[in-house]
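Reviewing the structure listed below.
The values are calculated or read from the model by the stated rules, or taken from the named source; none is laboratory data. In this text the structure is predicted, and so the values were computed from the model without any measurement. Cβ sites come from the backbone with ideal geometry, for glycine too, and all protein chains shown count toward neighbours. Heavy atoms of the whole protein, side chains included, go into the accessibility calculation; ligands, DNA and RNA do not. Shrake-Rupley method; radii C 1.70, N 1.55, O 1.52, S 1.80 Å.
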Protein chains: 2
Amino acid sequence: MAKDKKPRRPRAETPKGFRDYFGAEVAERNQMLSQIAEVYHLYGFDPLETAAVETVEALGKYLPDVDRPNEGVFAWEEDGDWLALRYDLTAPLARVAAQFRNDLPNPYRRYAMGPVWRNEKPGPGRYRQFYQCDADTVGSASPAADAEICAMLSDTLEAVGIPRGDYVIRVNSRKVLNGVLTSVTRGAERNDIERMTAAELSDYKTFELKGLEEDPAKDAIMRTLDKFDKVGVDGVFNLLTGGRHDQSGAFIDGVNLSDEMAKGYVEFLQARGQSNEETLANLRRILRFSAIGMEGVHELETIASLLAAQGYDSDRIVIDPSVVRGLGYYTGPVYEAELTFEITDEKGRKQQFGSVAGGGRYDDLVKRFTGQAVPATGVSIGVDRLLAALRAKGRMDGKSAGPVVVTVMDRNRMAEYQAMVGELRQAGIPAEVYLGNPKNFGNQLKYADKRLSPVAVIQGEDEAARGVVQVKDLVLGAKIAENASLEEWKSQPAQREIARADLVVEIRKMLEGEV
Amino acid sequence: MAKDKKPRRPRAETPKGFRDYFGAEVAERNQMLSQIAEVYHLYGFDPLETAAVETVEALGKYLPDVDRPNEGVFAWEEDGDWLALRYDLTAPLARVAAQFRNDLPNPYRRYAMGPVWRNEKPGPGRYRQFYQCDADTVGSASPAADAEICAMLSDTLEAVGIPRGDYVIRVNSRKVLNGVLTSVTRGAERNDIERMTAAELSDYKTFELKGLEEDPAKDAIMRTLDKFDKVGVDGVFNLLTGGRHDQSGAFIDGVNLSDEMAKGYVEFLQARGQSNEETLANLRRILRFSAIGMEGVHELETIASLLAAQGYDSDRIVIDPSVVRGLGYYTGPVYEAELTFEITDEKGRKQQFGSVAGGGRYDDLVKRFTGQAVPATGVSIGVDRLLAALRAKGRMDGKSAGPVVVTVMDRNRMAEYQAMVGELRQAGIPAEVYLGNPKNFGNQLKYADKRLSPVAVIQGEDEAARGVVQVKDLVLGAKIAENASLEEWKSQPAQREIARADLVVEIRKMLEGEV
């Protein structure tokens, strides 16, 4: 006879790549989100909350093929439709901007904050669900919209606790990048665009764009320029020409440009000067033969001068030609917030914290739905990275004081214990009665310890009769408290007897003394 | 030759049963969530945020069968595992309490707030994603834990703006319900449990539980009792006996109990007296032959007396035998928050708003994972319903004032316009420069109107030269503003000229005048 198999118990585990957030981790993130929301609100952005679930069709990019859609998103079929969890907050914005285009204000300025999901291989510190916090202006082509996003990003970083000097917002333009591609590649053609008529300029721009489209090396060059931060001037030069050996000794193929062309790119990457004015002068010189490039430079000039007029100088927001930010997606100014302080990584090496936010101008998202291009610009803050940065700097500790714990010495006096916590809560002090089995007093103290309680309150029959309570400062007594007997506990100097009537006043004093 | 089909544009639509939340809808919900979190925190509950995605195995209840799991959840297969969106916040808590049982404080008191997803047929006002806001104490068998949740629920409702008198928290006990089932069914057996020894009582309780387990009519009776609010005394009586015709005239089969037994249930449902004391006295009388029932009554007595000692009297928290709250899940006290004011439904009929929160004691969730029963009690607030209630009462309007809009009369003065909004933001006043195409001034005013801006600021060359700006009170001038020409606009009495230097002071005055 076959043995009956007992049903296996379910495993109590999060799915791979997901995690739980406890206590102060949640509170600190919520606090940061509301600080960010406050700045976004001051700038006139309006909240939008879309559902976690979108149709795969509306999300775009990932289309269902046979049984299941491509990797990258979590998707499933539901009544014949493919649904998916959003992978960012921009795709849902594009859908909303198209769906409600007749009702929304124009420009539509919205912020959104919430989790997004990526069906990617998880790694250390890389999870499949994480928070983003975006603000976008849809329907404005003005560089003032880009400038404003940069200023807001600066204000936001300071609002959440990154002091001035510990961050920099680097601004570049996709047009400048495209311009340098055409002007370096076509270095021989010295067209003086400054002297062209408007019609000639327009023709020349079309000619440039066509060249750009047909340039087979374009993506490889962009990707190489994007490595400047990591591999430096020589690294980029080698990768643009014959190739180089990386740190592991492996040989990385180069793009096989001529040395002269590679020099042109390297000159461009190093065009950042001591001030935004100097950088812009360098860019004007380098890009003087590109109509696209000069358009980008003019936009950057406008952005820099608007920001300077508002007091955002190059100590906060800096024009930096080496910012690339991915491929294809952006169409105008791009920006990136970088934290400039060093942290020590798990191997004890010092390194710059790096990027915590980025964005730029993009014009094609709404077009997918409506056929009409709508100019848009926006930023996305990586909230979890920003929290990690504040923790690395010791400005948040992922811990927070627990409630005052009123211990239970006498089960029959539960109502009186509840009255004590009631008074404390009325005074705005988090408090609770110990609700586990009160038999083992040590367990009550261990509990208070685990909750990081600042104060424990003790009142037995004897104290009750005398109208007093014992209050124990657990911050002072934390270590001794563990495993202490009631007698040891009572002998600690951090414990005092106070009048029952003074409970709130005395505990408030203890809490304020800690700060 | 076959015609080439143009690729169809994606539809800009939310999936069926999902929706977007705009502006004040989001802000009001966030405000409510943080008001609730504040009360929960004061009561010593610690935040927990789990991922939206769980394994189907951990969620339980819905197990994958063949190609796709049962209805009810959104689920999909990923690398051989079935994953699903959480359908409530209790199942993830059970998983966390099991997974981290060695590290968490005991009792573990956590709150959680966030969206949950139900794969159910959407209906008017019923969405497939909605918010819940839960607080639970895991690891405490004490009725004090239940009493505390009720007190906290009361405080929470008042904190979000439901005044005392507009709500009531109704408390019952699953043990009392089970007790009435055994004592009405076994009405003939008059066992005087008050005189039993502890051993006799325990035997009798086992006997009662066995009878309950074997009672084929149990679920049907519970379901019928749960209809008391809707069909009243006669309705329940008929449904317990031979059946009745519902409003549409259709005949609903009855449970076919004897009239005498049905009378017993009806007496129980009406056992609520003028005060909790009276109700408890009634319950003691009705349940005097049931060991289970009397255990439930004693727990309710403890809860009522703890609450009364803290000043929560029957104007706020009331023992009510007619609360049933579903089947099977709960094992002890159950509670439900009901809003008692009337609203007018879409057909103009007045009706009570009804339930906005509920919960109770349950002991089996963690057991699925660990084999050990862990006592737990908790509450879930339906945030979206509570928001709807506040809107129905006119205490929230789903609208909020937009930013001050600085219009663009002169493109070249963008820096100065930006400086104005910078000053306003510094003073904590949301503000923005109009970033659309400034050519059509009417569009700028329409924009301000759509944003519900309280004030528009206008400064052309002329005003700039004289060091003044025009400020327009849009709340007063909203209607006239639409489609007005610049000349008409300027003639409105709601528009004034002020010194540029007084911008912040004057606008603050205008905003405060409105409040």
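Hey, can you tell me all the residues within region A:99-114 that are open to solvent by less than 30 Å² (accessible area, probe 1.4 Å) and at pLDDT below 95?
If we filter region A:99-114 for residues that are open to solvent by less than 30 Å² (accessible area, probe 1.4 Å), which is where we start, we get A:104-105, A:107-112, A:114.
Residues satisfying the conditions do not exist here.
Could you list all residues from region A:407-449 that are more than 10 Å from every other protein chain (Cβ to nearest Cβ) and not acidic (Asp, Glu)?
Result: A:Thr407, A:Met409, A:Asn412, A:Arg413, A:Met420, A:Lys439, A:Asn440, A:Phe441, A:Gly442, A:Gln444, A:Leu445.
Inspect region A:143-153 for any residue being open to solvent by 10 Å² or more (accessible area, probe 1.4 Å) and part of a loop (DSSP other than H, G, I, E, B) and give the result as yes or no. Talk me through it step by step, then tell me what you get.
Our first condition is that a residue be open to solvent by 10 Å² or more (accessible area, probe 1.4 Å); within region A:143-153, this holds for A:143.
Those still in the list that are part of a loop (DSSP other than H, G, I, E, B) too: none.
So far as region A:143-153 goes, no, none of its residues is open to solvent by 10 Å² or more (accessible area, probe 1.4 Å) and part of a loop (DSSP other than H, G, I, E, B).
Would you call B:Met409 open to solvent by less than 30 Å² (accessible area, probe 1.4 Å) and not assigned by TED's automatic domain parsing to the domain that holds B:Thr137? Show your work before the answer.
Numbers: open to solvent by less than 30 Å² (accessible area, probe 1.4 Å): no; not assigned by TED's automatic domain parsing to the domain that holds B:Thr137: yes.
It is false that B:Met409 is open to solvent by less than 30 Å² (accessible area, probe 1.4 Å) and not assigned by TED's automatic domain parsing to the domain that holds B:Thr137.
Assuming A:Gly165 fulfils every condition listed in (1) buried (at least 22 other Cβ atoms within 10 Å of the Cβ); (2) in contact with a strand residue (DSSP E or B) (Cβ under 8 Å, 6 or more places away or on another chain); (3) more than 14 Å from chain B (Cβ to nearest Cβ) apart from one, which condition is it?
Going through (1) buried (at least 22 other Cβ atoms within 10 Å of the Cβ); (2) in contact with a strand residue (DSSP E or B) (Cβ under 8 Å, 6 or more places away or on another chain); (3) more than 14 Å from chain B (Cβ to nearest Cβ) one by one, A:Gly165 breaks only (1).
Would you be able to tell me the number of residues in region A:21-33 that are facing chain B (nearest Cβ under 7 Å) and under 18 Å from the mean Cα position of the chain (by Cα)? Show your work before the answer.
Start the filter on region A:21-33 by keeping residues that are facing chain B (nearest Cβ under 7 Å), which leaves A:21-23, A:26-27.
After this cut, where a residue has to be under 18 Å from the mean Cα position of the chain (by Cα) as well, the list is A:21, A:26-27.
Selection size over region A:21-33: 3.
Here's a check for you: in region A:328-354, which residue that is in a loop (DSSP other than H, G, I, E, B), surrounded by fewer than 21 Cβ atoms within 10 Å (Cβ to Cβ) and within 20 Å of the chain's Cα centre (by Cα) is modelled with the lowest pLDDT? Steps first, answer last, please.
Residues of region A:328-354 in a loop (DSSP other than H, G, I, E, B): A:328-332, A:345-349.
Within this subset, residues satisfying the condition of being surrounded by fewer than 21 Cβ atoms within 10 Å (Cβ to Cβ) are A:328-329, A:331, A:345-349.
Next, only the ones that are within 20 Å of the chain's Cα centre (by Cα) stay: A:329, A:345.
Values: A:Tyr329: 77, A:Asp345: 71.
The residue in question is A:Asp345.
Being assigned to a loop (DSSP other than H, G, I, E, B) and open to solvent by less than 60 Å² (accessible area, probe 1.4 Å) is the filter here, so list the residues in region A:237-258 that pass it. Full working, then the answer.
Narrowing region A:237-258 to residues assigned to a loop (DSSP other than H, G, I, E, B): A:241-242, A:246-250, A:254-258.
Within region A:237-258, A:Thr241, A:Gly242, A:Asp246, A:Gly249, A:Ala250, A:Gly254, A:Val255, A:Leu257, A:Ser258 qualify.
Would region B:356-374 turn up any residue that is polar (S, T, N, Q), in contact with a Pro (Cβ under 9 Å, 6 or more places away or on another chain) and in the same structural domain as B:Asp219 (by TED's automatic domain parsing)? Lay out the reasoning, then the answer.
Taking region B:356-374 as the starting set, the residues that turn out to be polar (S, T, N, Q) are B:370, B:372.
Then keep just the ones that are in contact with a Pro (Cβ under 9 Å, 6 or more places away or on another chain); that gives none.
So far as region B:356-374 goes, no, none of its residues is polar (S, T, N, Q), in contact with a Pro (Cβ under 9 Å, 6 or more places away or on another chain) and in the same structural domain as B:Asp219 (by TED's automatic domain parsing).
Evaluate region B:115-134: report whether one residue or more is within 25 Å of A:Arg451 (Cβ to Cβ), open to solvent by less than 20 Å² (accessible area, probe 1.4 Å) and within 12 Å of chain A (Cβ to nearest Cβ).
The first filter runs over region B:115-134 and keeps only residues within 25 Å of A:Arg451 (Cβ to Cβ), leaving B:132-134.
Going one step further and asking which of them are open to solvent by less than 20 Å² (accessible area, probe 1.4 Å), we end up with B:133-134.
Still in the running and within 12 Å of chain A (Cβ to nearest Cβ): none.
Scanning region B:115-134, I find no residue that is within 25 Å of A:Arg451 (Cβ to Cβ), open to solvent by less than 20 Å² (accessible area, probe 1.4 Å) and within 12 Å of chain A (Cβ to nearest Cβ), so the answer is no.
For the condition at pLDDT below 95, buried (at least 16 other Cβ atoms within 10 Å of the Cβ), at the interface with chain A (Cβ under 9 Å from one of its Cβ atoms) and within 22 Å of the chain's Cα centre (by Cα), what is the one hit in B:Leu59, B:Leu48, B:Leu42?
Values: B:Leu48 fails: at pLDDT below 95; B:Leu42 fails: at pLDDT below 95.
Only one candidate passes the filter, namely B:Leu59.
Test A:Gln372 against the criterion of being within 14 Å of another protein chain (Cβ to nearest Cβ) and either modelled with pLDDT under 90 or over 21 Å from B:Val433 (Cα atoms) (or both), and give yes or no. Give the steps one after another, and end with the answer.
Numbers: within 14 Å of another protein chain (Cβ to nearest Cβ): yes; either modelled with pLDDT under 90 or over 21 Å from B:Val433 (Cα atoms) (or both): yes.
Taking the combined requirement at face value, the residue satisfies it.
Let's see how each residue does on (1) assigned to a helix (DSSP H, G or I); (2) touching a His at 6+ places or on another chain (Cβ under 7 Å); (3) modelled with pLDDT under 90; (4) surrounded by fewer than 24 Cβ atoms within 10 Å (Cβ to Cβ):
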residue: A:Gly273; (1), (2), (3), (4): no, no, no, yes
residue: A:Glu278; (1), (2), (3), (4): yes, no, no, yes
residue: A:Leu283; (1), (2), (3), (4): yes, no, no, no
residue: A:Gly293; (1), (2), (3), (4): yes, no, no, no
residue: A:Glu299; (1), (2), (3), (4): yes, no, no, yes
residue: A:Leu306; (1), (2), (3), (4): yes, no, no, no
residue: A:Gly311; (1), (2), (3), (4): no, no, no, yes
residue: A:Arg325; (1), (2), (3), (4): no, no, yes, yes
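Does B:Arg68 fit the bill of being facing chain A (nearest Cβ under 9 Å), open to solvent by 20 Å² or more (accessible area, probe 1.4 Å), at pLDDT 90 or above and farther than 30 Å from B:Asn30 by Cα? I'd like the intermediate steps shown before the answer.
On the way: facing chain A (nearest Cβ under 9 Å): yes; open to solvent by 20 Å² or more (accessible area, probe 1.4 Å): yes; at pLDDT 90 or above: no; farther than 30 Å from B:Asn30 by Cα: yes.
Spelling it out, it is not the case that B:Arg68 is facing chain A (nearest Cβ under 9 Å), open to solvent by 20 Å² or more (accessible area, probe 1.4 Å), at pLDDT 90 or above and farther than 30 Å from B:Asn30 by Cα.
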